[in-house]
Structure formats: C-alpha cells, structure tokens
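Read the structure below first, then the notes.
The values are calculated or read from the model by the stated rules, or taken from the named source; none is laboratory data. Note that this is a predicted model, so its numbers are computed, not measured. FYI the Cβ positions are ideal-geometry reconstructions off the backbone, even for glycines, and counts take in every protein chain you see.
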Amino acid sequence: MTHYLLRRLIIAIPSLLGISIVLFTVLALAPGDPFDELATNPAVPPEVRAALRAKFGLDDPVYLRYLHWLTAMLQGDWGFSFASRVDADTLILQRLPTTLFVIGSAQILSLLIALPVGVYAATRPYSIFDQIANTLAFVGFSLPTFFTGLLFILVFSIYLDWLPFVYSDVTATGWRWYWEHLRQALMPIAVLGLFQGASMTRYVRSSVLDMIRLDHVTTARSKGLPEGTVVVKHVVRNAMIPVVTLVALQMPIVFGGAIVTEQIFRIPGIGSLLISAILANDTPVIMAVTFVFACLVIFFNLIADVLYGWLDPRIAYR
Amino acid sequence: MNEKELRGLIDDVKIGKLSRRSFVSRMVALGLTAPLASQMLTYAGVAQAQTKSTYKPTKRGGGGALKVLWWQGATLLNPHFAVGTKDQEGSRIFYEPLAGWDPNGNLVPMLAAEIPNLEDGTLAKDGMSVTWKLKKNVVWHDGKPFTADDCVFTWEYARDPATATYTISTYQEVTVEKIDSHTIRVKFQKPTPFWADAFVGTRGMIIPKHLFEAYKGAASRDAPTNLKPVGTGPYKFVDFKPGDMVRGELNPNYHEPNRPYFDTIEMKGGGDAVSAARAVIQTGEYDYAWNMQVEDEILLRMEKGGKGRAEITQGGNIEYIAVNFTDPWTEVDGERASIKTKHPSLSDPAVRQALALLVDRKSVQEHIYGRTGVATGNFVNGPERFRSPNTKWEFNIEKANQVLEEAGWKRGTDGIRAKDGKKLKFVYQTSINAPRQKTQAIVKQACQKAGIDLELKSVTASVFFSSDVANPDTYTKFFCDIEMYTTTMVQPDPEQFMLQFLTVEVATKENKWQGRNITRWRNEEYDKLHRAGQGELDPVKRAALFIKMNDMVCNDNAVIPVVYRPRVAAISTKLQASISGWDNDLWNLRDWYRDA
Amino acid sequence: MAGSTLVSPTASAQARAAGRKHVSPWREAWRRFRRHRLAVVSVVVLGLMVLLVLFGPLIWRVPVNEIDFSAKLQGPSWQHPLGTDDLGQDLLARMLYGGRISLAVGLAAMTVAILVGVVIGAIAGISRGGVDAALMWLTDLFLSLPQLPLLLLVIYLFRDKLKDIAGPEFGMFVLIVIVIGGFRWMPVARLVRAQFFSLREKEFVEAARALGASTPRLVVRHILPNALGPVIVAGTIDVAAAIIAESTLSFLGLGFPPDIPTWGRILFDAKDNIDFAPHWVLAPGIAIFLAVLTINFIGDGLRDALDPRKVM
C-alpha cells in the first residue's frame, strides 16, 4: 500500500509537468491578446502596446515563456496579472474563501440530499417515493443553472423580496455578519447544490440498486441481520465506489468555482476570476488557476484510488 | 449645412433666438460632439453657460452608503492604465481632472479654479497654448497639498513611452510648464483647435507626484498606488478587489463645501446587464448601474415597479453596417480583402443603395432598441430643416428591387439576383449580442424579398473586437461582405473619429490590420478635407468641414448607419445624479445625493 | 462485507441464461426489455419526438424566421400553438426545427462521451500498471484543461477546415459533437475504471477466468454488463448537458449560427422574459426534460435486458 502510494506520488510529478506543458501551449496558441483594448482604441499609438508586450515578455517564443513560467513557479512566483498589475496569487487568495464557502457548501448540500434520498429510493425501487425522487432529479439536471438561478431570483428576491441576489461584501458586524452572509449565500448554494444533488442522487440510487441485487446481500439478509444493518454495512459501503469517484471529481471544483452560478449571483469566486481572465487573455492568471486546479484533480483522483481499497478490500494494488 | 449656416445659427444663439441647448443637440445630430459645439459658441464669444448646481444637501456626509453596480468590475485603479471604461470609472471615484464635460458639452471646473477663456487671455488667440489656474487649498487624501507640480508630473508620467499609459497620445504632443505653484501652461506644437484634452475628462485625471515619482517609466507596474489610489476626489480609498469590488469612504477634507453626501461608496462588479437592471430598478438593492445593454421592453416592464428607471444620456455612439469595398473572397499576394481588389458587387453603388434601403431601421428601433437606440439613416440626422434630401433614410423593398433591376441585377431561378455571373450573396457578420442577432434577422428577411441572400455569421465578442493578427474573424480584418458593430465616439472631438475613412488608415496585412479604415473606402477629397480640419483654428469652419466629410461617407453608402445608441444607465428613483455622454458616468460624483 | 461474500453469482440464473442462449440471446434481451414497461413507453415517446422533429416541419409549414412584430410575445393560440417569441416568430415551428439539431447533438455527443469513456475506463481498469497510469494521466489532463480557451482554439484551428471538408452544417455538427463529447467522457472513464477494479476481483469473474475465458471475453461478457449502472446515469445526464452546452457554444461562435433556434438557445433567449412570457421558456424546458426522461428509462430497460444477473 505505502509502496503503491509512493509510486503514484512520484508519477504525479512528471504528469503534472506534462499537463502544464499542454496547458501552456493551448493558452499560447489560443486566439487573443491581453492588450487588445489598446489596439482597438484609436487614441493609443501602437508603440505603447509594443512596450507593454515587451515589458511582460510576450514577444518571446512559447518554449522560452514556458521555461520562464516554470522556473518562477518553482520559486513560488505564480505570475503577474496583465490586467490588474498584481500578483496572480494575490488575486486567487482574495477569492478563495468565498469560493470554498459557497461551492463547498453546495457540494455538501448535494451529498446531504443525494445519499439519503438515493439509498432510500433504491431500497424501494419503483415505489411512489422513488418515482417522485426520480422525476425531481430529472427536472433538476434538465434545467441549466442559468435558468434555475434566474427563477430563484425572480421568486425569492423580486416577488417575495426575502433574499438579496447580489453577493457582496458584508459590512454588518457581530452575529448579523453571519446572518447576512448566510442570506446572500442561500440562493447560490441552493441552485448549485440542487443541480449537483439531482445527478448525484441518480448515481447513488443506481449503484445501490446494483449492489442490493448481489448475492452476498441476499446471504446477509438470510442470515437474519436487520434490514438497516444490511443496507448500511453490506450495500452502501460497496455502492460507495462510484460515489467516491464522483465526489473526487467534484472536489477540485470547490476550488475552481462554478462559472455560471458565480456570474448570476455576482459571487467573487475563482470561477469568475478565471472567466474574466480568459476573456481578457490574462494568461498568467489563467495559468495559475488551471495549474492549481490540475494539481487538485490529480490529488483527489489519487485519494479516490486509495479509498477504493478501503471500501472493497479485495481491490489489490499492484 | 455649411459654414455660413453654422454662423447663422451661432448668431441666433447670441441674440437668444435659439437656446444654447438646442444648438448643441442640433450639432450632435449633425455628427459632431457636444464639446465641439460648445467650443464653437465659446469661440464666437457666447459665454460658457454656468452649469447651475442642483446640489441640495447642506452638510457633508450623512447619506449612508452609495451602492453602484458595474457589470464589468474594475481591474485596476490607475487612471492612466485604465484602458476600459470600467477601470476609468473605478479611478474616477478617487481621482479628478482639472475639468469635466457636462451633458451639454460644457467644461465644468474640478481641480481648476476656472475654465480658460479668450477674454482674459488664458486661452491663447493663436491656439498655441492654454493656461490653467489651479484651485488652491486642495489636499490629496494623505494630506499633502495639490500643486502645479502634480500636473507637470502627470504629464511627464503619461508621456513616457516606458510607462506605457493609454493616455500617451494626449500628453505626447504637448509640453506642460509650471508658471507658479498654482498655475500651469499647456503648450502645443501647432495651432490646436481642440485644446481641452490634456488634464480634462476621462483622460485628464491627475495623479500625486509624491507617490508615483518612484514608479515612472519601466517601474510603473510595481507602484502600490496602482491598486491603492490616493487622489483628491470626494471619496477616499478603503478596499479594492480586482474585478469584484471597489470601496471608498467620505473624504472629510474634500475641497467643495457640503460634499460628498454619502458616507461610503461601493462599486460592485460582475454579473450581467439584465440582472444589474433588476437590482436597481426592481429590488432597489443598488442605487445605480452602468451601461444597461438591455432590451428596452424589459427595462420598460421593470420600470413599472417605480423603484427605479432607465436614465438615457445622449452620446456619440452609432451602430452601423460597414460595407466592404474590397473582395474578401479572393486572395491577392496572400491577403484577403486586399486593397488591390474590388468587391465584385458591393463596388456597384446601386447595390449599396439597395442594401441601405433594405435596413428596416424603424422596426429595429421600435422592436429591439426602443429608447436605447434611435433610428438614423445617417451620421447626419438632424431636425427636419437641416436634413439634406440626399441623406434621408427610408425602408423600401420595392425601391430596392427597382434600383437593382435598373442596374442590371436580374433574378435567377433560385430567386437570387445576379449580373455577369456574380450573385448577390453576402456574408453578414457581427459580434454575438442578442439585439445584434435580431437586427441581422430583420435585415436578412428584407433582403430575401429583394433577391439578396445573406448568410448570417456571428463571432464571439472577445474575438471579433480583438486585434489578433492570426484570427480571421476580427472586425478589422473584415473578411466578409458586410459587418455590423457600434463605433464609439469616446473622444469629445470628432477628429479622431473621422480618421476611419482616410486612405492612409486602410487596414491591411502590412499594418497588421491596425488601420482604422475598415471599409477600405477611399476618397481623395475626403483626405484633403480631413487634413484641412486638423489645422483649422476657427471651430466653426472646422465643424463645417466635419459635416461635409460626414455627408460624403454617408451619401456613398460606405456605411449604413442603423441606430444612435445613447448611454443607458439604471438609476434608483431617489438618486440624483448628472450623467454626461462626453465624460465618465462618475464625472460628477461629488454632486450625487439621495432625495429624502 | 464484500470480502465475506460466500456464494458465487446466482448459479441458477446463470444456468437459466446459459440455457436460453442456445435459443436466441436477442429475443431473450427483448423479452426482458419489454418487461420494463416505462422503457417501452419511453421508446414510443422518444420515437414520437424524433418523428415530430423530422417530419413536423413538413406538416406545420410556418417559416421559422418569419418576423411579425404585431404578434410578439403572444401566448398559445390556434394560430401559434406554442405562442410566439419577442420577434413574433412562431415557437412551434422553431421548436420543431431546432429539435432536430438538439436531439441529434444530444444523442450523438452522449454516445461519443459514453463510448470514449467506457473504452478508456475499461482498458485502464483491466490492464493496470503503465497503461492505467497513462490513460488516467490523459483523463486528468482533460479534466484540468480550461474549456473556453481550448474551444476558441478549436474553432480557430478547425472550423473553416471542417466546413470545407464536410460542408457548413454537417462540419459544424461533427465539430460540436466532438467538442461536447470530448469534454464529457472523463467521469465515465473514471467510473467504469472504478467499477472494474471492484468487479474484476469478484468470484464470478474469477470463475470465468478459471474456465479459460479470454480477457476481451471476460470484459465484454462478464465485467462490463455489471459496470453499466453508473454509465447509464452518466448517459442521461450527458444528453441534457449536451443540449444545453450546444447553446452556450453558439455564443462562442462554435455552435450553429445564432439564428438557428435550437432548444438550448430558445431557453436562453427566453430566460429574461420569464416573468411576463412564461410560455416561451416552457416549451424548450419540457422538451429537454422529456428527452432526458425517456432516454433514462430506455437506459434502465436496456440494462435490465443485458444484465445477466437480473432474474425476471
């Protein structure tokens, strides 16, 4: 096991390097120029743009720029934003707490819905509860978040006037600070959590249903174990493999943010930072965000691989 | 409208027959800018109108929080790096220029004690210099006094190519000297009719010497003040999160009495225009939202709630269709739409005329833009008595058919007109934006009825408006037959705006498509007029020249104007704010207040 | 506990299945499929939807882009059964016309995502070691690529080339399907791989291996059918996601021209008018929901039909 972990961690380094090369190349080749606005402004002479390009080293060949980026990154320098003239890590750190709070809560909400509903629905397949849960789940992931978000805003902010829909700095202090934060985060968390919860419910139900039919479960039942114990010990644990896989896939997003939902509620998260950096062709910021994201992808997928062995001890690591 | 008529109008204003305001709006309708119109009056000796302040509060502060929404958040707060309006507006909370432009194109002193004028000689008769007297007893937010040195430094800072400011062209050609601690003189290299550029409006914000001195030139990117501004404005800096939030608080030492009214200001960024409109007009969560690119229908329905309204301000933006005079489908020396080619069908004036007849501007205005886009057949679209009969617009499918028929474009079996084997099939491109796609649909339908087939193409805005040399879909490359976008006249003077039809400005591969002339329309007489306009000191003569240039472009249908697009903002019913189309939205933030 | 599983997979069921195999495996599958009533209903409904979008425009002959401002934002009526949009265009005609693209894109992109995901996941899951590591590296890479710049790059590199080769419409279709499918296979691959890890150690697989089954046969006959559960769920989610994704792509200039009314596009255009023209959002919303629902039930039915363990 330790040997396996060690080997995987060692493999992770070249694979991260490889990913960073691909990322950098894609960004370098993608159309766009960070100083576009200067070029289209009739009042700015081209020399200014040339000076800026030179200042930010944009005229070097791609491989030189990559090497430059890599050495800086290894020294802990994440790059310097063209658009904001500030270090990329400052920008990311500014937005990290909000992202972790909102997207993280949404993920937790989705699991809180998906696990009980999915398991319960699967133990009573085709019952009324199952049918209703399924239908709601289908509605949940058929409707995109840009749509449900707007619906929530119309109902809760405009007609009922209960919740604010612009996620902003909270100036209140004391307990009101928490209260205001909660109020403004409620809708985005719900929109995102329900959307993810809907699909997660389907996965949970499906994998529990698969397990429940297996013979070791029948055996456990025939041994006279109480139904609850059977479901939890023999079914759910085995059925968790797909769920763990999916959760591991979702975890990096807690860092990466959700672009659409952030846009709708004006959440200053990393998703909106990334999208505005992309639209402004602010390569150092895009590179910093996606690289951290890539690290998290690799890390959490590794965790998932380790967890498989814990969930099903017969899985051998060779 | 020639010079004589212009002078007649100015005389009318002098004797009070014509109001100053309607003179200005007529000039704007003629394709000029309000500041230029106002300058003509000043030059003719009509005193600059004293803009009456309607500011009511009698004490500083006490107004609570002012919350404004900018759906594109500011990314940096140095006014001389502020390429986009979002950054300029963010900077304008903290920094001030010597003077700003009011909605009628009048100069309003900010850090200047008064506006330079001919009478007391602060404005040189030969057009070679202008002297500004600065306001005394102004302090920066950190307590240091504001003096002429700061103005001189701002000039040095902005003109240095190594600093790479976007305002460089304003400051490069002038020299600024200090006369005394509160007087400066701006000197021009040649007689300059439009003198109010340096230190004025959007491009004129003054930065403190003592904080930026160490960061001039190559070190400019490291200045901490790029993100933590220290200015003279009504609000002091508190906090800034790029792309998200700018916060400020009342400046207790502000140099105007009883101002500002609000205790704090919060500029929130991000999101989209429609929901920004909702937050101001429907829920009242915010007081003001910038740049409402929202369909008027939706705005009108929101306004029924009574919490806010759309504020519409005249400016110089025109949505128009550009016609390609070169052939985008043939490569010459490895270049598409090369200046060596001629468009097979669009070079025929009849086809261009037919196209102009097929743009149903009335429907576009009524059903798409509403108040946010006023139909115009021309850059020149004045009141009835100034409208020249050759430049009026109409929508007439029959006439278009007739024009094409007479020019020899006959319908083929597929219903598409052709002549000499060349079919009237065009690719019509624009950026992705709901009203534009709807306009495309309207034009396409009309063209179908006249035997012209349009293929609609839309390019994502971040590509369309980029200057990427490698990408074929940018608007400056114009590798299609017709394209539509809004040209913005952000400068208060039309000289730069009119560059876009000069022969030397043609966008080609050689200049990496950086030329401003997108249509590749060329006309020697136009070039001559523009040259004359650059050195013409008499603003009236100059205005006449610009009007004539406008006429030339429009009568030849080199561009087909669709709608004027005024600036639209959402504003809460109680907020009192003056918005100018010739300056930043926040140009007069010091006077903003809320009715009780 | 999985480790304490005592009995091999239902011997009787296997024997029965094996016994019928000689008769006709396809007929057996069909019999099982028929037993899933909802699946059968779904086939009918989905079939109807496909027929409607294929032949509907021939019957409902209102042009999709006929602008009529006098009739804008009208609710359902005899003249416009689904109402009109803000340009007065007939929504039924638009739904029918756009449905072809939406359904085709949804189904094709889902197929691409599932196929690629299953193949990569299965190979990684069964082979371990270097092959597994390499394939998972690929998966991680695709997971970490930022979509927007990559899409812009794809448009820029391939749009015109594909247009030349396959014609503007079909070339665009292929590109969209590849792009959407290409960004959605990774979860499927990881799910299938995880299922394989667990299944390949199960007794029935061991038994089959002991009986001398070749690896491909092991995978196709024994492991894969048992790993299909999450794949089917992923499939239905992907259909919905692809229909929506198509509409967002057209904002990047990659989708079909914006004047082509696909379902996702109609939904997007309608959203800001939801408070006063709810009929406009209802049509595409329900259509997407129905497509997702039916495809899911068909998937369930198919799994039941192919699952060797399920006793019916």
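Please go through the range B:565-590 and give me each residue that is among the small types (Gly, Ala, Ser) and part of a loop (DSSP other than H, G, I, E, B), ordered by number. I'd like the intermediate steps shown before the answer.
Here is the first cut: in the range B:565-590, the ones among the small types (Gly, Ala, Ser) are B:569-570, B:572, B:577-578, B:580-581.
If the condition is that a residue be among the small types (Gly, Ala, Ser) and part of a loop (DSSP other than H, G, I, E, B), then B:577, B:578, B:580, B:581 are the ones that fit.
Which of the residues that make up the range A:88-103 are surrounded by 16 or more Cβ atoms within 10 Å (Cβ to Cβ), within 14 Å of chain B (Cβ to nearest Cβ) and aliphatic (A, V, I, L, M)?
Once the filter is applied, which keeps residues that are surrounded by 16 or more Cβ atoms within 10 Å (Cβ to Cβ), within 14 Å of chain B (Cβ to nearest Cβ) and aliphatic (A, V, I, L, M), the range A:88-103 yields A:88, A:91, A:92, A:96, A:102.
What number goes with the only condition from (1) more than 28 Å from residue A:181 (Cβ to Cβ); (2) more than 11 Å from chain C (Cβ to nearest Cβ) that residue A:287 does not pass?
For residue A:287, the exception is condition (2).
Name the residues in the range B:435-463 that are within 14 Å of chain A (Cβ to nearest Cβ) and either aliphatic (A, V, I, L, M) or in contact with a His (Cβ under 6 Å, 6 or more places away or on another chain) (or both), would you? Spell out how you get there, then give the answer.
Step one: of the range B:435-463, the residues within 14 Å of chain A (Cβ to nearest Cβ) are B:459-463.
Within the range B:435-463, B:459, B:461, B:463 qualify.
Of all residues in the range B:443-488, which are buried (at least 22 other Cβ atoms within 10 Å of the Cβ), modelled with pLDDT under 90 and of a type in the set (A, V, I, L, M)?
Matches in the range B:443-488: B:459, B:463.
How many of the residues making up the range A:116-142 are without any contact (Cβ under 8 Å) to a residue 40 or more places away in the chain, of a type outside the set (Lys, Arg) and not in a helix (DSSP H, G or I)? Working first, answer last.
So in the range A:116-142, the residues without any contact (Cβ under 8 Å) to a residue 40 or more places away in the chain come out as A:116, A:120, A:124, A:126-129, A:131-132, A:135, A:142.
From what is left, the residues that are of a type outside the set (Lys, Arg) are A:116, A:120, A:126-129, A:131-132, A:135, A:142.
Still in the list and also not in a helix (DSSP H, G or I): A:126-127.
Here the count works out to 2.
Only one of these is among the small types (Gly, Ala, Ser) and within 14 Å of chain A (Cβ to nearest Cβ): C:122, C:134. Name it. Step through it out loud before you land on a result.
Working: C:122 fails: within 14 Å of chain A (Cβ to nearest Cβ).
Exactly one of C:122, C:134 is among the small types (Gly, Ala, Ser) and within 14 Å of chain A (Cβ to nearest Cβ), namely C:134.
Inspect the range A:23-30 for any residue being in contact with a strand residue (DSSP E or B) (Cβ under 9 Å, 6 or more places away or on another chain) and either at pLDDT 75 or above or at the interface with another protein chain (Cβ under 9 Å from one of its Cβ atoms) (or both) and give the result as yes or no. Quick ask: steps written out before the conclusion?
Filtering the range A:23-30 down to residues in contact with a strand residue (DSSP E or B) (Cβ under 9 Å, 6 or more places away or on another chain) leaves none.
Among the residues of the range A:23-30, not one is in contact with a strand residue (DSSP E or B) (Cβ under 9 Å, 6 or more places away or on another chain) and either at pLDDT 75 or above or at the interface with another protein chain (Cβ under 9 Å from one of its Cβ atoms) (or both), which makes the answer no.
Return the residues of the range B:530-570 that are over 18 Å from residue B:35 (Cβ atoms) and among the polar types (S, T, N, Q); say none if nothing qualifies.
Of everything in the range B:530-570, those that are over 18 Å from residue B:35 (Cβ atoms) and among the polar types (S, T, N, Q) turn out to be B:555, B:557.
Quick check: is even one residue across the range C:65-83 part of a helix (DSSP H, G or I), over 28 Å from residue C:180 (Cα atoms) and touching a Ser or Thr at 6+ places or on another chain (Cβ under 8 Å)? Steps first, please.
From the range C:65-83, those part of a helix (DSSP H, G or I) are C:69-71; that's our starting set.
The next check asks that each one be over 28 Å from residue C:180 (Cα atoms); those that pass are C:69-71.
Next, from what is left, pick out any that are touching a Ser or Thr at 6+ places or on another chain (Cβ under 8 Å): C:69, C:71.
Among the residues of the range C:65-83, at least one is part of a helix (DSSP H, G or I), over 28 Å from residue C:180 (Cα atoms) and touching a Ser or Thr at 6+ places or on another chain (Cβ under 8 Å), which makes the answer yes.
Scan the range B:513-533 and give yes if some residue there is out of contact with any strand residue (DSSP E or B) (no Cβ under 7 Å at 6 or more places or on another chain), of a type outside the set (Ser, Thr, Tyr) and at positive phi, otherwise no.
Yes: the range B:513-533 contains one or more residues that are out of contact with any strand residue (DSSP E or B) (no Cβ under 7 Å at 6 or more places or on another chain), of a type outside the set (Ser, Thr, Tyr) and at positive phi.
Report yes if some residue within the range B:548-570 is on the phi < 0 side of the Ramachandran plot, within 14 Å of chain A (Cβ to nearest Cβ) and buried (at least 22 other Cβ atoms within 10 Å of the Cβ); otherwise report no. Spell out how you get there, then give the answer.
Here is the first cut: in the range B:548-570, the ones on the phi < 0 side of the Ramachandran plot are B:548-556, B:558-570.
Right, trim to within 14 Å of chain A (Cβ to nearest Cβ) and you get B:570.
Subset that is buried (at least 22 other Cβ atoms within 10 Å of the Cβ): B:570.
Yes - at least one qualifying residue is present in the range B:548-570.
In the range A:233-260, which residues are modelled with pLDDT of 80 or more, polar (S, T, N, Q) and more than 12 Å from the chain's Cα centre (by Cα)?
The one that is modelled with pLDDT of 80 or more, polar (S, T, N, Q) and more than 12 Å from the chain's Cα centre (by Cα): A:245.
State which residue is surrounded by the fewest Cβ atoms within 10 Å (Cβ to Cβ) when the search covers only the range B:492-514 and only residues that are more than 11 Å from every other protein chain (Cβ to nearest Cβ) and outside any loop (DSSP other than H, G, I, E, B).
Of the residues in the range B:492-514, the ones more than 11 Å from every other protein chain (Cβ to nearest Cβ) are B:492, B:494, B:501-504, B:506-510.
From the residues that got through so far, the ones that are outside any loop (DSSP other than H, G, I, E, B) too are B:494, B:501, B:503-504, B:506.
Values: B:494: 25, B:501: 26, B:503: 16, B:504: 12, B:506: 22.
Among residues in the range B:492-514 that are more than 11 Å from every other protein chain (Cβ to nearest Cβ) and outside any loop (DSSP other than H, G, I, E, B), the one surrounded by the fewest Cβ atoms within 10 Å (Cβ to Cβ) is B:504.
So, in the range B:242-274, of the ones that are of a type in the set (Gly, Ala, Ser) and more than 7 Å from every other protein chain (Cβ to nearest Cβ), which residue ends up surrounded by the most Cβ atoms within 10 Å (Cβ to Cβ)? So that I can check it myself, show each step before the final result.
Filtering the range B:242-274 for residues of a type in the set (Gly, Ala, Ser) gives B:243, B:248, B:269-271, B:273.
This time we only want the ones that are more than 7 Å from every other protein chain (Cβ to nearest Cβ), so: B:248, B:269, B:273.
Details: B:248: 27, B:269: 25, B:273: 21.
The extreme case among them is B:248.
Show the residue pairs meeting these rules: Cβ distance below 8 Å; 6+ apart or different chains; first residue within the range C:75-86 and within 14 Å of chain B (Cβ to nearest Cβ) and without any contact (Cβ under 8 Å) to a residue 60 or more places away in the chain; second residue surrounded by 15 or more Cβ atoms within 10 Å (Cβ to Cβ) and outside any loop (DSSP other than H, G, I, E, B).
Sorted first by the residue in the range C:75-86, then by its partner, the pairs are C:84/C:71; C:84/C:90; C:84/C:91.
Do we have residue B:466 as within 8 Å of another protein chain (Cβ to nearest Cβ) and under 30 Å from residue B:204 (Cα atoms) here?
Values: within 8 Å of another protein chain (Cβ to nearest Cβ): yes; under 30 Å from residue B:204 (Cα atoms): yes.
So residue B:466 passes the test.
Starting from residues that are among the small types (Gly, Ala, Ser) and more than 14 Å from every other protein chain (Cβ to nearest Cβ), keep the ones in the range A:169-211 and report whichever is surrounded by the most Cβ atoms within 10 Å (Cβ to Cβ). Even if it seems obvious, please write down each step before you answer.
Pass one, the range A:169-211, residues among the small types (Gly, Ala, Ser): A:172, A:174, A:185, A:190, A:193, A:197-199, A:206-207.
From the residues that got through so far, the ones that are more than 14 Å from every other protein chain (Cβ to nearest Cβ) too are A:174, A:185, A:190, A:193.
Details: A:174: 7, A:185: 19, A:190: 19, A:193: 23.
Only one residue tops the list, namely A:193.
Among A:33, A:130, A:60, which is the only one that is charged (D, E, K, R) and at pLDDT 85 or above? It would help to see each step written out before you state the result.
Details: A:33 fails: at pLDDT 85 or above; A:60 fails: at pLDDT 85 or above.
Sole residue among the options that is charged (D, E, K, R) and at pLDDT 85 or above: A:130.
Picking from A:65, A:85, A:49, which residue would you name as being touching a helix residue (DSSP H, G or I) at 6+ places or on another chain (Cβ under 9 Å), within 12 Å of chain B (Cβ to nearest Cβ) and assigned to a helix (DSSP H, G or I)? Lay out the reasoning, then the answer.
Values: A:65 fails: within 12 Å of chain B (Cβ to nearest Cβ); A:85 fails: assigned to a helix (DSSP H, G or I).
Going through A:65, A:85, A:49 in turn, just one is touching a helix residue (DSSP H, G or I) at 6+ places or on another chain (Cβ under 9 Å), within 12 Å of chain B (Cβ to nearest Cβ) and assigned to a helix (DSSP H, G or I): A:49.
What single numbered condition from (1) among the aliphatic types (A, V, I, L, M); (2) in a helix (DSSP H, G or I); (3) closer than 30 Å to residue C:293 by Cβ; (4) within 12 Å of another protein chain (Cβ to nearest Cβ) fails to hold for residue C:107?
(4)
Starting from residues that are within 30 Å of residue B:316 (Cα to Cα) and acidic (Asp, Glu), keep the ones in the range B:381-432 and report whichever is modelled with the highest pLDDT.
The first filter runs over the range B:381-432 and keeps only residues within 30 Å of residue B:316 (Cα to Cα), leaving B:381-397, B:400, B:426-432.
If we keep only those that are acidic (Asp, Glu) too, we end up with B:384, B:394.
Numbers: B:384: 34, B:394: 81.
Filtering the range B:381-432 for residues that are within 30 Å of residue B:316 (Cα to Cα) and acidic (Asp, Glu), the one modelled with the highest pLDDT comes out as B:394.
Could you grab me the full set of residues in the range C:114-152 that are polar (S, T, N, Q) and either modelled with pLDDT of 90 or more or surrounded by 22 or more Cβ atoms within 10 Å (Cβ to Cβ) (or both)? Please lay out each step first, then the result.
First, pick out the residues of the range C:114-152 that are polar (S, T, N, Q): C:127, C:139, C:144, C:147.
Once the filter is applied, which keeps residues that are polar (S, T, N, Q) and either modelled with pLDDT of 90 or more or surrounded by 22 or more Cβ atoms within 10 Å (Cβ to Cβ) (or both), the range C:114-152 yields C:139, C:144.
If the Cβ limit is 7 Å and pairs must be 6+ apart or interchain, which residue in the range A:147-161 that is without any contact (Cβ under 8 Å) to a residue 40 or more places away in the chain pairs with which residue that is among the polar types (S, T, N, Q)?
A:157/B:283; A:158/B:282; A:158/B:283; A:161/B:283
Which one of B:478, B:395 is among the aromatic types (Phe, Trp, Tyr) and either within 14 Å of chain A (Cβ to nearest Cβ) or in a helix (DSSP H, G or I) (or both)?
After applying the criteria, what remains is B:478.
Pick from C:204, C:276: which is more than 10 Å from chain A (Cβ to nearest Cβ) and either in a loop (DSSP other than H, G, I, E, B) or surrounded by fewer than 23 Cβ atoms within 10 Å (Cβ to Cβ) (or both)?
Numbers: C:204 fails: more than 10 Å from chain A (Cβ to nearest Cβ).
Residue meeting the stated conditions: C:276.
With respect to the numbered conditions (1) farther than 24 Å from residue A:280 by Cα; (2) aromatic (Phe, Trp, Tyr); (3) more than 14 Å from every other protein chain (Cβ to nearest Cβ); (4) crowded, with 17+ Cβ neighbours inside 10 Å, which one is the sole condition not fulfilled by residue A:147?
Here residue A:147 clears every test but (3).
Name, by its number, the condition in (1) within 19 Å of residue B:177 (Cα to Cα); (2) surrounded by fewer than 19 Cβ atoms within 10 Å (Cβ to Cβ) that does not hold for residue B:158.
Looking at each condition in turn, residue B:158 falls short on (2).
Looking at the range B:60-79, which of its residues are within 11 Å of chain A (Cβ to nearest Cβ) and crowded, with 19+ Cβ neighbours inside 10 Å?
Result: B:67, B:69, B:70, B:71, B:72, B:73, B:74, B:75, B:76, B:77, B:78.
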